[in-house]
Amino acid sequence: ALKPFAYEALKAAGKPEPSPDSLRSTNRIVYAGPAGTVPYIPFWHLLNDDISDDLRGKIILIGATAPDLHDDKPVPFSGEQTMTGVEIHANIANMLLAGYRLNTAPSFVVYPWLLLAAAVPFIAFVFLPNLLWALIIAVAVGTIYLIAQAFLFSNGIVTPLIHIQLAWILSLIVFFSYRYFIGEREKREIKKGFSKYVSPKVL
């Protein structure tokens, strides 16, 4: 099997070879930043002896950056600006060199988390008598989920953000709607009926 170009670049530079496990995890690139984070130097500047001294001992990737060549791709940091192929390879090389990784969270963590995301709104709206407090707790737990996922991502662990948040949001909408339009409506009808026969204090 052919190894990544960035791997061969590091090997040619005499850097320690990444382990096979490291190569298998390169399907997710850890970008150092948006396009332009890696310094670009026009090739003709290499004819300048001063710039050559600054580059001594560094890994240099040579590639095309002209827009007409269409060697650019959208990346998570790019927004409307694409990143050239040579800078993408530079980011892969930097990832392998620094040991940065984005690993998928194991299934024995993800599946219970999905179940919990859907279960918390159910528990809140079914067992808490106060509708407002049930809503506050359900929203607070969903916010904690989001913060936890951001923290894990910053430490190289990827969780299914959309799936977990969607499970929580759908559960929240379903059980809030049920509680508000059915459970609370029955309470309002009972109060309305008894208000004709008893005082407000007794009611």
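The values are calculated or read from the model by the stated rules, or taken from the named source; none is laboratory data. Predicted model only: the values in this text are computed from it and were never measured. No Cβ is skipped: glycine too gets one built from the backbone with ideal geometry, and neighbour counts run over all protein chains shown. Just the protein is used for accessible areas: all its heavy atoms, side chains included, with ligands, DNA and RNA removed. Shrake-Rupley method; radii C 1.70, N 1.55, O 1.52, S 1.80 Å.
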Answer yes or no: is there a residue in the stretch 42-54 that is within 23 Å of the chain's Cα centre (by Cα) and over 20 Å from E8 (Cβ atoms). no
Checking the condition open to solvent by 70 Å² or more (accessible area, probe 1.4 Å), out of contact with any Cys (no Cβ under 6 Å at 6 or more places or on another chain) and in contact (Cβ under 8 Å) with a residue 60 or more places away in the chain, which residue from N103, N91 passes? N103
First in the stretch 181-203 and closer than 22 Å to L135 by Cα, second anywhere and surrounded by 11 or more Cβ atoms within 10 Å (Cβ to Cβ), Cβ under 7 Å, 6 or more apart: E184/L131
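Would you please name the residue that is nearest to the chain's Cα centre (by Cα), looking only at residues in the stretch 98-110 that are within 19 Å of L146 (Cβ to Cβ) and outside any loop (DSSP other than H, G, I, E, B)? Step through it out loud before you land on a result.
Initially, the stretch 98-110 is screened for residues within 19 Å of L146 (Cβ to Cβ), giving 102, 104-105, 109-110.
Narrowing the set further to residues that are outside any loop (DSSP other than H, G, I, E, B) leaves 104, 109-110.
Values: T104: 11, V109: 16, V110: 14 Å.
Top of the filtered list is T104.
Would you mention how many residues in the stretch 130-152 are under 22 Å from V109 (Cα atoms) and crowded, with 17+ Cβ neighbours inside 10 Å?
Number satisfying all stated conditions: 5.
Step by step: first the residues of the stretch 56-88, then only those that are part of a loop (DSSP other than H, G, I, E, B) and of a type in the set (D, E), then the one that is surrounded by the most Cβ atoms within 10 Å (Cβ to Cβ). Which residue is that?
Taking the stretch 56-88 first, the residues part of a loop (DSSP other than H, G, I, E, B) are 56-66, 70-71, 74-82.
Next cut, of a type in the set (D, E) only: 71, 80.
On the way: D71: 15, E80: 5.
In this case the residue turns out to be D71.
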Scan the stretch 126-170 for residues that are within 23 Å of G99 (Cα to Cα) and among the aromatic types (F, W, Y) and jot them down. F151, F153
Restricting attention to the stretch 153-175, which residues are among the aliphatic types (A, V, I, L, M), at pLDDT 90 or above and under 20 Å from S107 (Cα atoms)? I162, I164, L166, A167
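Would you confirm whether or not the stretch 164-180 contains a residue that is assigned to a helix (DSSP H, G or I), touching a strand residue (DSSP E or B) at 6+ places or on another chain (Cβ under 8 Å) and not small (G, A, S)? If you could, list the steps in order and put the result at the bottom.
Filtering the stretch 164-180 for residues assigned to a helix (DSSP H, G or I) gives 164-180.
When the remaining residues are screened for being touching a strand residue (DSSP E or B) at 6+ places or on another chain (Cβ under 8 Å), the result is none.
No, that holds for no residue.
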Looking at the stretch 183-196, can you tell me whether even one residue there is in a helix (DSSP H, G or I), on the phi < 0 side of the Ramachandran plot and touching a helix residue (DSSP H, G or I) at 6+ places or on another chain (Cβ under 7 Å)? yes
